[in-house]
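Single-structure report; data block below.
A short reminder: the numbers here are calculations on the coordinates, not readings from a lab. Quick caveat, the model's predicted, so the values are computed rather than measured. Reconstructed Cβ throughout: ideal geometry from the backbone, glycine too, with neighbour counts over all protein chains shown.
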């Protein structure tokens, strides 16, 4: 199971190589353009998988509530961009989300699901706004549906990865594995800051 999860993550990350561009909605359709948009940004992939990891490390109702808070608030951020509502520091906050969520997973602080949901919702607002600002000629509903589904799938990969680490490596080592994954996520965010 871990091998399949790792392979899926490698394939997703490989899809973020700079040689790839976002799909043209006029050629491929708004849904496809929206679905692939988060998959072509390493920052989005890291943040969204990390949200799933964090939800898995908290457990219980956080498994669904934390990703739902992210996806729901992301839709609000997208709507804000569509109506022209400005949101300052969108790209810096997106990068900060990768680092912060990675650190929180690495530290494994005992936080309630509602607190974790509130934190990820804050960051989701900026991710959604960025998607809205980069929509181009796509139709809003198809584009939004695409990136919201892709986001939920990336969250599910993170949850499955976190749960898989816990089961495959036993409780203590699984928690350590998840914490290491969080630390690597934060380092990936720092690399994006330095490289950008």
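Just how many % of Cα pairs in the range 31-195 lie over 18 Å apart, if you round to the nearest whole percent?
Values: 7441 of 13530 pairs.
Here the long-distance tail beyond 18 Å is 55 percent of all Cα pairs in the range 31-195.
Measuring from a point 7 Å past the Cα of residue 96 along Cα-to-C-beta, which residues in the range 57-72 have an amide N at less than 19 Å?
Backbone N within reach: 70.
Determine, for each peptide in 152-159, 74-81, the mean count of other beta carbons within 10 angstrom over its residues, then list the peptides with the highest first. Could you put the intermediate results ahead of the total?
Values: 152-159: 22.0, 74-81: 20.2.
Ranked by mean Cβ neighbours within 10 Å, highest first: 152-159, 74-81.
Report the full-extension gain for the segment residue 82 to residue 134: residue separation times 0.36 nm, less the Cα-Cα distance, to one decimal in nm.
Working: separation 52, 0.36 × 52 = 18.72 nm, distance 1.02 nm.
Contour length minus the Cα-Cα distance gives 17.7 nm.
What spacing in nm lies between the two simple spin-label points modelled at residue 156 and residue 64, each 7 Å away from Cα in the Cβ direction?
1.4 nm
Take residue 141 and residue 109, extend 7 Å from each Cα along the Cα→Cβ direction, and tell me the distance between the two endpoints in nm.
4.2 nm
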